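Undergrad: Take a look at the following structure, please.
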Amino acid sequence: MTVLRSQEDPSSAPPPGAGPPITLRELARRSGVSTATVSRALNGRAEVSQSTRERIRRLAGELGYAPNEPARTLVRRRSDTIGLLWDTGHESRGLHHPFLQGLLASVRTALSEAGYHLMLLTTAGPQEPESTYVQAVRRHSLEGVIAMGRPADDRALRALAASDIPCAGLDVALDGPRTVGVASDNTGGAEAAVAHLHSLGHRRIATVTGPPELTPAAERLAGFRAACARLGLAVPQEYVAAGDFFLDSGRHAVRRLLALPEPPTALFAAGDMMAIGALHAVADAGLSVPGDLAVVGFDDIDAATLVRPALTTVAQDDRALGTAAVAALCELLGPEAVHPLPPRVLPTRLVVRGTCGARREAAGNQGCAKDAEAVKPDGP
């Protein structure tokens, strides 16, 4: 199993044209003390006087000394490194999804601010043993793991969660003694989207789902169905179209929906990329949004405000998600942590823009605009 470091300490390599790196022994010789004293000074040990510590650290900085991280890990039994489990196959599309890219950046930033490095772990293939992730964590002395974009039924991930390794799941349901789940309110966000479309007079509401094995997709579909049931809306099976969170699947799904004998008048897409694909399909059919099909997405990626009409969507905060996942994992690493920690669910909000349209007049729908009036528009 290959493991890649995604963050490296720039001080770990000498600058171009420099001589060989300064060793601990050489730093001790130039400092006039023992190597043990240098090691204690660099690690802030109390048995070394403050003046000696400052002198050695100053000389280390002047000489460009960088500690041997593997050796430090062996001595301290800590690596200050967190593993990230994400689909890293060379054909992985998740690496190109704009929301997941933002989420990855927020995780990296939060880990750095907490004093941790980040190691990207390759994901296990179907032929690899269940212990794959556990072995990788042990081999590299990782402090803990953050998993994102992985199916909850991944055998190796289940084995990792069942171990004593601290593990935070970002939109991944984990079950184990030292686990915590962090997610947006996917179910509530989907319910809000359907309620808003209903308040505009729509009664034929369809959805394009994400991959069912991924937790966010399953929760958003559950929210869609719950809202429709509460509002008394029939959901024919053909109104639930399969997607994969990417643009092409949204376009193909909506083409099929528009070809139905009784096509929907509104669509909830479980991701913004699929919602933008829906806009393409409507335009290809010579129809209009929101005139012929109202559309609501989920994520609030940057492109949501670039399309015309601008996309109504359920916004989730990638920065807050990444920060919450790192904070929860740090809490798991603490000696007093309760295991497992209760899940952390972050709120979502409906951002009303142009693709949902004005209120549709329909018989018997008096008073159905209440939910829409509580949502303030954001953008054109």
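The values are calculated or read from the model by the stated rules, or taken from the named source; none is laboratory data. As the structure is a computational prediction, the values presented were derived from the model and not from experiment. Using ideal geometry, Cβ is built from the backbone for each residue, glycine included, and neighbour counts are taken over all protein chains shown. What goes into the accessible areas is simple: the full protein's heavy atoms, side chains included, and nothing from ligands, DNA or RNA. Shrake-Rupley method; radii C 1.70, N 1.55, O 1.52, S 1.80 Å.
Undergrad: Do we find that A327 is small (G, A, S) and either at pLDDT 95 or above or in contact with a strand residue (DSSP E or B) (Cβ under 6 Å, 6 or more places away or on another chain) (or both) in this structure?
TA: In short, no.
Undergrad: While we're on this one: Could you pull out the residue among A294, A229 that is of a type in the set (G, A, S) and either modelled with pLDDT under 95 or surrounded by fewer than 21 Cβ atoms within 10 Å (Cβ to Cβ) (or both)?
TA: A229
Undergrad: Could you check the stretch 338-368 and list, in sequence order, the residues that are surrounded by 16 or more Cβ atoms within 10 Å (Cβ to Cβ) and either at pLDDT below 90 or assigned to a loop (DSSP other than H, G, I, E, B) (or both)?
TA: P340, L341, T348, R353, G354, T355, C356, G357, R360, N365, C368
Undergrad: Among the residues of the stretch 116-157 satisfying the criterion of being under 26 Å from E219 (Cβ atoms) and among the β-branched types (V, I, T), which is most open to solvent (accessible area, probe 1.4 Å)?
TA: Step by step, filter the stretch 116-157, then rank; the result is T123.
Undergrad: Residues R40, R57, R108: which one is over 30 Å from E26 (Cβ atoms), part of a helix (DSSP H, G or I) and modelled with pLDDT of 70 or more?
TA: Testing whether each residue is over 30 Å from E26 (Cβ atoms), part of a helix (DSSP H, G or I) and modelled with pLDDT of 70 or more leaves just R108.
Undergrad: Here is a further query. Considering each residue of the stretch 232-246, count those that are in a helix (DSSP H, G or I) and either open to solvent by 40 Å² or more (accessible area, probe 1.4 Å) or among the aliphatic types (A, V, I, L, M) (or both), and give that number.
TA: Residues meeting the conditions: 2.
Undergrad: Please determine, by comparing only the residues of the stretch 196-223 that are within 18 Å of V240 (Cβ to Cβ) and more than 21 Å from the chain's Cα centre (by Cα), which one is surrounded by the most Cβ atoms within 10 Å (Cβ to Cβ).
TA: Result: L197.
Undergrad: Answer with yes or no whether R45 is open to solvent by 50 Å² or more (accessible area, probe 1.4 Å), at pLDDT 75 or above and either of a type in the set (K, R) or part of a helix (DSSP H, G or I) (or both).
TA: no
Undergrad: Consider the stretch 302-318. How many of its residues are over 30 Å from R178 (Cβ atoms) and in a helix (DSSP H, G or I)? Walk me through it before giving the result.
TA: Within the stretch 302-318, the subset over 30 Å from R178 (Cβ atoms) is 302-315.
Narrowing the set further to residues that are in a helix (DSSP H, G or I) leaves 302-305.
Looking only at that region, the number is 4.
Per-residue answers, yes or no, for (1) closer than 18 Å to D299 by Cβ; (2) in contact (Cβ under 8 Å) with a residue 60 or more places away in the chain; (3) among the hydroxyl-bearing types (S, T, Y):
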site: F245; (1), (2), (3): yes, yes, no
site: A253; (1), (2), (3): yes, no, no
site: L257; (1), (2), (3): no, no, no
site: L260; (1), (2), (3): no, no, no
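Undergrad: Next question, about the same structure. Can you pull out the residues in the stretch 247-292 that are in a loop (DSSP other than H, G, I, E, B), hydrophobic (A, V, I, L, M, F, W, C) and either touching a strand residue (DSSP E or B) at 6+ places or on another chain (Cβ under 6 Å) or at positive phi (or both)?
TA: Hits for the stretch 247-292 are A270, V289.
Undergrad: OK, next. Mind checking which residues of the stretch 247-261 are touching an Asp or Glu at 6+ places or on another chain (Cβ under 9 Å) and open to solvent by 50 Å² or more (accessible area, probe 1.4 Å)?
TA: Hits for the stretch 247-261 are R255, R256.
Undergrad: Just to be sure, is L321 in contact with a strand residue (DSSP E or B) (Cβ under 9 Å, 6 or more places away or on another chain), crowded, with 19+ Cβ neighbours inside 10 Å, in a helix (DSSP H, G or I) and touching a residue at least 40 places away in the same chain (Cβ under 8 Å)?
TA: So L321 passes the test.
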